[in-house]
Every structure is written in C-alpha cells, then in structure tokens.
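Shown next, in structure tokens, is the structure this report addresses.
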Amino acid sequence: MTPLTPPPARRIQLREPTVIDPPPGGVVGPAAGAPAIGGVAARNGRGRASAAQVTERMRIESVSLAYGDKWVVRDVSLPVRQGEVLALIGASGSGKTTLLRSLNRLTEITAGASRAGRVTLDGEEIERIEVNELRRRISMVFQQPNPFPMSIFENVAYALREEHAARRDRKRRGRRGRQELEPAVIDAVRRAGLYDEVADDLDRPALRLSGGQQQRLCIARALAAGPEVLLLDEPCSALDPISTATIEQQIVSLRESVAIVIVTHNLQQAMRVADHVAFMHLGELVEYGTSEQVFEHPAMERTREYIGGAFG
Amino acid sequence: MATAPVAAGLKPPAKPRSKPRDSISSWPWTDRIAYVLCWAAGIGLCLIAAWIVLYMAIKGISYLKPSLLVQSPVGSPDQSGSGGFLDPIEGTFLVTAIGIVVAAPLGVAVAVWLSEFGRPAGLARAVESGVETIAGTPSVVLAIFGLLIFSKSFLAFLSQTSAGGAVFGRSFLTAGLIMSLLAIPLIVGATREALAQIPAHVREASYALGKTKATTIRRVLLPSVRPSIASGITLGMGRIIGDTAIIVILLGASLRLEGAGGAPILSILRGTGSTLTSYVKENSPAGEGNAPQKAYAAAFVLLVIVIALNAIVMRLSRAGARADGTL
C-alpha cells in the first residue's frame with residue numbers, strides 16, 4: 001500500500017458488513033483522487049432512503065445572515081428532511097456554521113447578528129416559536145465535547161428538566177425525580193451509542209469520560225428532549241478516528257428518527273454519512289444535491305475544485 | 001518510562017539523563033545571575049515562612065496552656081492574673097462568619113453580573129472600578145467610614161444606643177459588615193476569573209438545550225467555578241481574620257464579649273468584643289495589656305486557626321469538584 005494514498009472513502013452501511021476497497025492499483029499521488037471517488041460510487045450499495053421515510057422538517061428560504069454590516073451568508077435556500085443526513089461543506093469562513101447556528105437561533109446571542117429570509121420548522125416560522133421551546137425541538141452538538149460538571153445521568157436529565165416551569169406548576173407536580181427520568185435518560189444514552197460503556201455507573205462524573213465518550217454524551221443530551229432536528233457542528237473534529245467512526249455510525253442510524261444537519265470540514269466524513277450535501281463558498285450556496293451528485297458529478301466548477309483539491 | 005526495547009537493536013539509554021542537556025554553563029552571565037536570583041527568592045521565601053511558623057510555634061506552645069483557651073480575659077496589671085483569651089477566639093470566628101456570610105453571596109453575585117451580563121458597559125466599568133477602589137482602600141479608612149455611617153440614628157439597630165441617644169456604632173454587626181468589604185473584591189476577582197475561563201461553547205450548549213441564562217448560570221456555570229469561589233472565600237477569610245484596624249475601631253476591642261442586652265443572640269451581635277488580632281496587639285510588648293506571653297500564645301492560636309480554615313475550605317471544595325469531575 002502506498003503510504004501517500006488516502007484511505008478510500010466509503011459510505012457507512014448500516015446492516016451489511018463493511019468492505020474496505022483495495023487502494024486503486026498503480027495510482028499514486030494527486031491522480032489518486034478521481035479513482036477514489038469512482039470507487040465510492042461502485043461501493044455505494046446503501047442507496048437513498050425511500051421516499052416514504054423522508055419527511056421535510058425544516059425549510060430554509062433565501063436566508064441571509066450578517067454580523068454587523070458584514071454579510072456571512074447570502075440568500076441560501078435548503079430543505080432539511082428527517083430520514084436523511086444533510087451535510088454542509090465548504091472552506092473555513094464559508095458561513096456553514098453561522099447558517100447552522102441560525103437554525104436554532106443561537107446566532108441571536110451574538111451581538112450585532114442579523115438575519116433575513118424565512119426559516120420554518122414544520123411549517124411554522126422559527127421566530128414565532130418561543131426560543132427555548134425552539135431549542136428543545138432543534139438541538140445542537142458542538143465542535144468541542146462540552147459535558148457539564150455533573151454526573152452522566154444528570155447531564156442528560158438536565159435536558160429533560162423544565163427548570164423554568166412556573167413555581168406553582170412545579171409545586172403541584174413536584175420536581176421530576178430520578179425514577180421518573182431514568183427511562184428517558186437511558187434511552188437517550190442508548191441512542192447515542194454510549195450505554196454499553198457507561199451502564200454500570202451512570203453517576204460517574206461526565207468529565208471523567210474520554211473525549212469520544214464525552215461527545216456521544218453530548219449527543220445523548222441533545223437527543224434527550226426528543227428533538228425533531230439535530231444540528232452537529234463539526235462533531236468529530238476534536239476526536240480520534242475510532243471515536244469518529246463510532247459517532248458517524250450513530251449519526252447514520254439516527255437519521256430515521258431525527259432530521260440531521262452536519263457541518264464538516266472533512267469531505268470523507270460528508271461522503272460517509274450524508275445523503276444530501278450542500279457546498280458553500282464565501283457565504284453562498286454553490287451546489288446542493290445528493291451525495292453522489294455533489295461528489296461524483298459536481299455541476300459547478302468551484303465544487304469540483306474544492307472536492308478535487310481536498311482529495312488530490 | 002519505556003523500559004522494554006520495542007525492537008531488537010533498540011536499547012534504552014544506559015542511564016537516564018538527570019540533567020537537561022542545556023547546562024546553565026552555556027547561558028549568558030546575565031541569565032545565570034537571574035536564574036540564581038530566582039532560586040534564591042523562592043528558597044528565601046520558603047525559609048521565611050518556615051521561620052515564622054516555627055518561631056511562633058515554639059514561642060506560642062511554650063506559653064500556651066489549655067486553660068487560656070477556655071478562660072475569659074480579665075483586666076489585670078499582671079499577666080498571671082489576666083485570664084485566657086476565650087472571648088477573642090469567639091470574636092474572631094464571629095466576625096469572620098458575619099463577614100463571609102455577607103461577602104460570599106454579594107461577591108459571587110457581582111462577579112456573575114460582571115461576567116455574564118455586564119451591560120450597559122458603562123455601568124460594568126463603574127462597578128469594576130468600584131470593586132477595585134474598595135480593594136485598594138486601607139482597612140483603617142473603611143473602619144472610620146463605618147463608624148461614621150453606623151453612628152447614624154437610622155442604623156442604630158445594628159449597635160447600641162446610649163442613654164443620651166448617641167448611637168455607639170460599634171458592634172459585631174457593624175464590624176462584620178465592614179469586614180465583608182475586605183473579602184468582596186477577592187471573591188469577585190476569583191469568581192470572575194474562573195467564569196471567564198469557561199469557554200463560550202459550554203454556555204451555548206446549555207442554551208442549545210433550551211435553557212435560560214439563569215438556569216445555565218445556576219446549574220452549569222456556578223458548579224464549574226466552585227473551587228475558585230472557595231479559594232476566593234479562603235483569601236477573604238484570611239483578610240478578615242488578620243485585620244486589626246476595623247476591630248479596634250468598629251468592634252470596640254472590649255476585653256470580653258459585651259452584649260447589648262435584649263434577645264440573647266442579637267445581644268451579642270449588637271454588642272462589642274475583640275478578636276485575636278486586637279488581643280495580640282493589646283498584649284504585645286507594644287500594647288498596653290503588658291502580657292507578652294499571652295500575646296505569643298494567642299498569635300500562635302491565630303496562625304493555627306488561619307491554616308486550619310484554609311485547609312478545611314480547600315478540602316471541601318475539592319471534594320465537591322472531584323464529585324463533579326472538574327478536578
């Protein structure tokens with residue numbers, strides 16, 4: 001095996017065993033890019049999720065975002081569907097993270113940020129939804145694993161507790177106790193693929209977990225409140241390849257139950273997990289299409305350059 | 001580390017090198033002098049600290065009798081008849097407790113406001129320089145100011161009022177309140193610095209779960225900075241326990257706890273007393289009590305109390321932090 005050839009990217013397959021392509025024979029160096037992509041097409045046996053399983057959750061309609069008077073996202077329109085993973089790719093500064101953060105109105109905490117255009121969640125404009133309610137329905141996982149300084153159990157239960165419920169209300173129902181929360185917490189931890197590793201001791205401090213486990217705990221936390229959309233902002237960029245693979249596996253298996261948008265710098269990751277890919281450049285949406293379209297037959301010259309450059 | 005050779009022919013170094021290759025003899029002479037001075041400064045400080053503790057321990061223990069800890073002081077021209085210093089010990093704990101009970105919540109609140117809200121910016125700057133001003137004010141100035149304020153008739157409930165209607169202004173409450181000003185800047189500083197070190201994405205992670213700012217502060221940020229709050233409190237306690245000026249001016253420095261009369265606990269809080277610092281000052285060769293042996297014994301007790309309190313607070317906060325995994 002030539003050490004310079006990047007490992008071939010392939011789709012994550014859910015139930016079938018995964019087969020690793022032999023590296024394209026005799027091709028070394030920059031030219032190796034094209035056959036590697038071709039190899040993906042050949043291997044991609046998973047196919048699209050069938051139309052019946054895919055439901056549109058969010059619609060982004062000509063959204064533009066600015067910090068002060070500097071535009072960072074211009075006129076982007078995209079659908080976000082449950083049953084598939086949408087990957088936002090592009091170079092640094094292309095506005096993908098800003099676009100992602102605008103979906104749960106997290107951009108609003110940045111002073112001077114403004115937005116134009118329409119974003120809807122299940123047909124309802126996100127401005128019209130109370131912001132904390134919106135963020136329970138559209139949850140987010142960040143680049144750095146950031147569990148809170150409490151136990152594993154409490155980290156997930158934190159998302160479930162309604163802290164700001166009216167005092168009168170809380171008195172009537174009592175503060176939700178551990179027993180009441182336990183099934184939901186365990187379910188979330190299981191869906192994030194962490195349960196087997198922590199089942200024996202959910203009361204361990206979360207900060208004692210490894211980086212990859214912490215990030216899966218963050219995913220569990222984000223899943224706990226039963227969101228409709230899960231936003232992932234480069235969730236694996238601080239992790240090692242094995243943790244990354246575990247999380248990617250979870251992402252793919254979660255897409256049936258929650259719409260997923262993932263921002264990634266890692267094109268191979270986008271190829272492994274995404275069904276649809278949106279390529280952004282300098283705040284503009286250059287190309288949007290299925291993973292195959294974007295990676296194998298990019299329509300735009302800039303997409304071709306970006307993908308080719310990253311592989312070459 | 002790495003004792004077993006991984007592959008044949010790869011041997012571990014025969015002898016682990018104990019000195020860095022970069023020997024000081026290759027340094028320019030200015031750097032060498034600075035290096036020696038750094039060492040000297042560190043070791044010198046260590047020696048001074050050890051000297052203080054050892055000297056006070058020897059002096060203190062030789063004069064310390066258990067009876068001193070349980071007897072109240074008595075006014076006497078001769079130190080054989082002047083009793084112990086139970087009241088000053090109680091006074092020390094009481095003033096420190098009042099000061100910290102007031103300062104801790106206020107200090108944490110100010111730090112949270114400055115770090116998490118801090119708007120309008122002008123007000124934040126004003127608060128910041130206010131805290132700095134208090135930190136820089138000599139305690140004797142604070143004490144005089146306190147005497148002025150607490151002698152006003154609308155604050156008479158904090159101390160005693162003489163038959164003629166003059167408000168005394170001196171009591172555990174007034175001294176404790178002014179003492180809290182010594183601790184607040186230290187608690188604000190420690191808490192604020194720790195809050196500033198929490199990365200923004202941790203706050204965002206909480207907001208992204210649909211949590212309000214208040215919930216985020218209460219459930220995520222404050223638990224994260226608990227060790228720092230504790231060390232701020234420890235520093236503040238050290239300032240309060242060690243202060244003499246405020247005790248002499250605002251606590252009356254009466255030999256015993258002199259209650260103000262009325263409800264039992266309130267009586268003491270509104271009454272006067274002294275602490276170990278003022279006791280040491282009065283009885284030292286420089287003071288009027290003329291009981292230097294008791295001054296040494298009391299000074300040693302004071303030192304032990306400070307060291308013990310520091311250890312307890314740090315231990316408590318570490319236990320909490322360990323349970324949270326922040327340590």
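The values are calculated or read from the model by the stated rules, or taken from the named source; none is laboratory data. Not measured: the values here are computed from a predicted model. So basically every Cβ, Gly included, is an ideal-geometry build from the backbone, and we count neighbours across all protein chains shown.
Could you run through segment B:249-271 and say how many residues are surrounded by 21 or more Cβ atoms within 10 Å (Cβ to Cβ) and without any contact (Cβ under 8 Å) to a residue 24 or more places away in the chain?
So the answer is 0.
Being buried (at least 23 other Cβ atoms within 10 Å of the Cβ) and over 20 Å from residue B:309 (Cα atoms) is the filter here; which residues of segment B:228-246 pass it?
If the condition is that a residue be buried (at least 23 other Cβ atoms within 10 Å of the Cβ) and over 20 Å from residue B:309 (Cα atoms), then B:246 is the only one that fits.
Just to confirm my filter: which helices (runs of 4 or more DSSP H) fall fully inside segment B:47-140 and include at least 3 residues that are within 23 Å of residue B:272 (Cβ to Cβ) and touching a residue at least 12 places away in the same chain (Cβ under 8 Å)? Can you show your working first?
On the way: elements: B:66-70, B:86-112, B:121-136.
Helices (runs of 4 or more DSSP H) meeting the threshold: B:66-70, B:86-112.
What number of residues in segment A:266-312 are among the acidic types (Asp, Glu) and assigned to a helix (DSSP H, G or I)? Walk me through it before giving the result.
In the first step, residues of segment A:266-312 are kept if they are among the acidic types (Asp, Glu); the result is A:275, A:284, A:287, A:292, A:296, A:301, A:305.
Now restrict to residues that are assigned to a helix (DSSP H, G or I): A:292, A:296, A:301, A:305.
Residues that pass the stated criteria total 4.
Looking at B:155, B:123, B:147, B:64, can you tell me which residue is among the hydrophobic types (A, V, I, L, M, F, W, C), within 30 Å of residue B:313 (Cα to Cα) and either modelled with pLDDT of 95 or more or surrounded by 14 or more Cβ atoms within 10 Å (Cβ to Cβ) (or both)? Give the derivation first.
On the way: B:155 fails: within 30 Å of residue B:313 (Cα to Cα); B:123 fails: within 30 Å of residue B:313 (Cα to Cα); B:147 fails: within 30 Å of residue B:313 (Cα to Cα).
It is B:64.
Please state which one of B:214, B:291 is of a type in the set (Gly, Ala, Ser) and at pLDDT 85 or above. Break it down stepwise before answering.
Values: B:291 fails: at pLDDT 85 or above.
Answer to the check: B:214.
Just a yes or no: is a residue in segment B:237-248 under 26 Å from residue A:104 (Cβ atoms) and in contact (Cβ under 8 Å) with a residue 24 or more places away in the chain? Explain how you work it out, then say what you get.
Keep residues of segment B:237-248 that are under 26 Å from residue A:104 (Cβ atoms), which gives none.
Among the residues of segment B:237-248, not one is under 26 Å from residue A:104 (Cβ atoms) and in contact (Cβ under 8 Å) with a residue 24 or more places away in the chain, which makes the answer no.
For residues that are within 14 Å of another protein chain (Cβ to nearest Cβ), of a type in the set (A, V, I, L, M) and free of Cβ contacts under 8 Å to residues at least 60 places away in the same chain, tally how many sit in segment B:219-235.
Count: 2.
Given the conditions (1) in contact with a Lys or Arg (Cβ under 6 Å, 6 or more places away or on another chain); (2) part of a helix (DSSP H, G or I), which single one is not true for residue A:222?
(1)
Just to be sure I understand the filter: pairs with C-beta atoms under 9 Å, separated by 6 or more residues or on different chains, first member in segment A:193-216 and farther than 19 Å from residue A:181 by Cα and away from chain B (no Cβ under 13 Å), second member loosely packed, with under 13 Cβ neighbours inside 10 Å and of a type in the set (A, V, I, L, M, F, W, C). Which pairs pass?
Listed by first residue and then by second, the contacts come to A:212/A:242.
Filter segment A:218-240 for residues that are away from chain B (no Cβ under 11 Å) and surrounded by 24 or more Cβ atoms within 10 Å (Cβ to Cβ); which is farthest from residue A:54 (Cα to Cα)?
A:236
Limited to segment B:160-218, what total is found for residues that are out of contact with any strand residue (DSSP E or B) (no Cβ under 9 Å at 6 or more places or on another chain), surrounded by 21 or more Cβ atoms within 10 Å (Cβ to Cβ), within 14 Å of chain A (Cβ to nearest Cβ) and not in a helix (DSSP H, G or I)?
Residues that pass the stated criteria total 1.
Residue-wise test of (1) modelled with pLDDT of 85 or more; (2) under 27 Å from residue B:195 (Cα atoms).
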{"residue": "A:116", "(1), (2)": "yes, no"}
{"residue": "A:123", "(1), (2)": "yes, no"}
{"residue": "A:143", "(1), (2)": "yes, yes"}
{"residue": "A:166", "(1), (2)": "no, no"}
{"residue": "A:170", "(1), (2)": "no, no"}
{"residue": "A:173", "(1), (2)": "no, no"}
